[in-house]
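Working notes, beginning with the structure itself.
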Amino acid sequence: MRHCDQPVAAISSGCELFMRFITFAKIDVKSFEECEQIMLQRGHIFLNQLLEARGKVAEQALPFISDGCKILTHSRSRVVLQAMLEAAKANKRFQVFVTMSCPDNSGELMHKQLVSAGVDATLILDSSVGYIMEQVDIVMIGAEGVTESGGIINKIGTYGLGMAALELKKPVYVLAESFKFSRIYPLNQQDLPIEFKYLSSVIKSKKNLSQEHPLVDYTPPAYITLLFTDLGILTPSAVSDELINLYL
Amino acid sequence: MVLSKTNSEISPTIVFQLTTSKKRRIRRKKLQAARACHNNQQKKPTDAKNHPRENVPKEVGENPISVIEQIGNELKENIKLDSNTNNLTMSSKEKSREEILAAREAKKLAKQKAKKGEVVQNEVIGTQSIKDTTKSDKDIPKQNSDSGDKVKKELKNTSKDKISKVTSTVIKSKDEVDHLVDSNTLVNIGNVQKENLDKGQTSSEKSKEEVMAERAAKKAMKQANKKGVSEMVEVDKKNLTEESKKESLLKDDNAAEKDMTIKDVVETLKDIANVARAVQDVTAIVQSIHLEPKKQEESSKSKAELKAERRAKQEAQRAAKQAAQEQKVVKQKQAPSKPEKTVTDVAKLSKEEKPKAKLTEKTKSKPQYIQRINWFQHLSTGHEKESLKNIAINSNLHPAIVKLGVQLASRVVAGSNARCIALLDALRKMVTDYTLPAKTEFARGLESQLTSSVEYLWSMRQPSASQTNAIKYFRHNLTQLPNNVNEHDAKKTLKDLIDNYVREQIDKAGEAISLAVREKICNGDNILTYGCSSLVERILVEAWSAGVRFHVVVVGSRLQRAAIGLLRRLCTAGLPCTYLDITAVSYVIKKINKVIVGAGSLLVNGSVLSAAGTAQVALLARAANVPVLVAAETHKFSDRVQTDAFVYNEIGDPDELIDKSDENSPLKDWRSNPNLTPLNLLYDVTPPSLVTAVVTELAILPCTSAPVVLRTKLAEHGV
């Protein structure tokens, strides 16, 4: 799966956690079939947990979307979408600004989905984030991966958005399920693993990577206010705590 | 008489500083001396009879040594007093002959008992003995020898002790004096050996006797004629010893050389006075130390314990020697007041219990310079040489522990990991050599031994977090031992425990950390490191040998000379290195890719306690957006919280701050300047906001996750 042409951060972390989860069961001296059965069972449990996770996260974020607030979001995140749809169902009035997020323009899809659900959404350019920041109340973004430092890996452009939010004192809320927690600890942008930044087809083609546009960037924990996860609402420094519980 | 003439010539040449109290005493004595002189002139014929000189023949047979002391007193008076004391001067010649006899006998006795090295105990009784002898001077002419049994004993002791004290710091005395002193000390040793048991009884008596002896001495002085040299009265005790030396000198040289010897004697007097002063100070301290071993003399001692005792005594003597050397220069001015103070202290100490004695020692021993700095009085210094000597050396300590203590205090063993390993090594030896006393459980007995060893070590140098955690772990496992465990098995278990700890927590952890950091070092990186950390060295060397190519910038400062050692070792391993002083870091930081430093300990709030200067480097890196990695094994995590470097720190040697290459350094004479105190703090605290990541063997963590690590450790080890 790491070699498919999709951003890989969530996949790798999810898979690793899956492996750990199913092998965590006590497998004493039993027959092979029984072991297989146990592992399958645990696999199902894991999968169910995953599917439910998104709902839990959206539920947690609901109180933070107040009546009449303006939300800025970046690119397309299904978790954020679910949270907003639930808020709309709860009859809250709010306005959303969605960035276009080149190169794949996934923001447009997000905008379309929001509008069809009856949410007041506006599509903005990536470059106008600084301009619009003073008008918004909160920033709500998803994540492709959550690092051990408490920072996030997300669609390119998130770092700039985080910096602008910090400068203008706007809270940044990250909505991410727990299977996205990864053990990597990037020290800076250069330190991100290459598999995350570029599509595997690009890496294989052995082009000069410094000429290629990376897909994701790393937002350090200093720019994040809170993380909403199915384990609870965490501060960035608590992520490491949870990670240790998950992995050790 | 020739002697008296020379005596009067000598007196003006001896110069001492006068305090107001001394002046008062001098005046008083002058008055009384004048009165006594008048009386003497009237009583001339009777004086000759009453003079101790005539009593001397009686006592030669009984107390050869006490005679010397008495003669000593007399001679002192002789030399300092006027020519009126013809009787006394005449007697000196006779006394010298008797002295020779006495000395010979003393030598014989001493040789018999020379094997028992109880010099220290001699010193203990020393101060008291001096007073006793002066008292005896008074007593013997007045009383009969019957009442003086005790007194004679004391005289013996005092004479021995006096001389033995001086013996221990004999360097300055001339050869002749040394010779006699040695023989006397040996005799003293012999006599003291006899009276070990009586010590308890005699100590309280001696304290009273000291006071009485003082009074007697004063009276004796008043009776004799003295002019101008009454300052010497204050330095009674030393003078007495000096006199005995003088006498020895005189005895060696006959009348023809008397002028010469007297001049020599004067010089040696001065030397001896200083030496004796120093000895007395040390005596006071040593006496309190030995209150404990005396009590424990009943218990059986293993070879190791005896060795430790001897070692401790050697070190005390060495310390005394050093003290004498230092104090001679420093304390000449304070000479008169000091001896009295130390005498009274000794009296107090002999009455007080051991812990109280230790307390007074500690407060006395606090280096003077640290009292100048108001804000840092709560910090331990540990480096002042005098305070090192004052630390009570328990004779029950294993020699490995004693050795480690000295190594720690003198900074031979430095660095968090090194200190931890050295501590565990010494503990291991202690466990191996530990012999179980009767009726004690192995765990309890060893625990008490451990407590006393640890107390000693921490007094030599404050523990690092790694050492504290190691001791906690060891103690925890020690208490977990089952009650009825076989001694051999228990020892084996403990030794294995220690080996495992070192192997896992230090060695394997270092390996894991090295691997983790290697992932972070890219080819072509410029890595900066500050100070000297064994872990950082390991990381860099192993990364290099694994094929990663990078450049290292080693940063040191005038106080972090260890950085130069690190530089040398890295160069030997083939790494391309640059060396910088910390003042130049802001210049190169823009070119640096990563900063890797070691840590002394990691605190619960995420702060890093490490060598002074690390916080500075971290701040510079932060300002330039350079990531800072702190490499620390989990055994360095401590459960303390600290926000600044003031509440807890360690003060190092202030002399290190002085630039040695600069001869005209304005800091050179800081001790004489009351407004100037160099402060050398060894640690500083780096706040978590300045640290990008902490690399442990568990994971690369943010600083704030330190409590998580502690929690997992607790779950794992129970400590």
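Values quoted throughout were computed directly from the atomic coordinates according to the rules given, and no laboratory measurement underlies them. Quick caveat, the model's predicted, so the values are computed rather than measured. Heads up, the Cβs are rebuilt from the backbone with ideal geometry, glycines too, and the neighbour counts pull from every protein chain shown.
Side notes on the structure shown:
- For the peptide A:237-243, the mean number of other protein chain Cβ atoms found within 10 angstrom of a residue's Cβ is 5.
- Prolate/oblate/rounded call for segment A:52-206, Cα gyration tensor, a/c under 1.5 rounded: prolate
- Among the listed pairs B:313/B:668; A:155/B:508; B:108/B:307; B:472/B:594; A:169/B:636; B:594/B:713, a Cα-Cα separation exceeding 31 Å is found for B:313/B:668; A:155/B:508; B:472/B:594; A:169/B:636.
- Beta bridges assigned by DSSP with both partners in chain A are antiparallel in approximately 30 percent of cases.
- Across the alpha-carbon set of segment B:496-591, the Rg to Rh ratio works out to 1.02, Rh being the Kirkwood radius.
- Simple label model, 7 Å out from Cα along Cβ direction - residue A:208 to residue B:586, nm: 3.8 nm
- Shown for B:630, B:585: other C-beta atoms within 10 Å of each C-beta, ranked fewest to most, produce the order B:585, B:630.
- FRET efficiency estimate (nearest 0.05) - Cβ-Cβ, residue A:200 to residue B:432, R0 51 angstrom: 0.30
- FRET efficiency, 1/(1 + (r/R0)^6) with R0 45 Å, evaluated for residue B:487 and residue B:679 via beta carbons: 0.35
- Three-way shape label, segment B:602-688, alpha-carbon gyration tensor, a/c 1.5: prolate
- Estimated distance in nm for a label pair at residue B:515 and residue A:169, the labels positioned 7 Å out from Cα along Cα-to-Cβ: 4.8 nm
- Within-11-Å neighbourhood charge of residue B:542 [Cβ basis; K, R +1; D, E -1]: 0
- For the cross-link pairs A:56/A:170; B:321/B:403; A:56/A:112; A:92/A:112, the C-alpha atoms of every pair lie within 26 Å.
- Of all DSSP bridge pairs formed entirely within segment B:519-670, close to 10 percent run antiparallel.
- Cβ crowding within 10 Å averaged over residues, with B:703-714, B:669-680 ranked highest first: B:703-714, B:669-680
- Label-to-label distance, residue B:104 versus residue B:377, with points set 7 angstrom from Cα along the beta-carbon direction: 6.1 nm.
- MRE, 222 nm, helices only [DSSP H, n ≥ 4, -39500 (n - 2.57), over chain A, to nearest 500]: -12500 deg cm²/dmol
- If R0 is 25 Å, the Cβ-Cβ spacing of residue A:47 and residue A:89 corresponds to a FRET efficiency of close to 0.45.
- Three-way shape label, segment A:129-248, alpha-carbon gyration tensor, a/c 1.5: oblate
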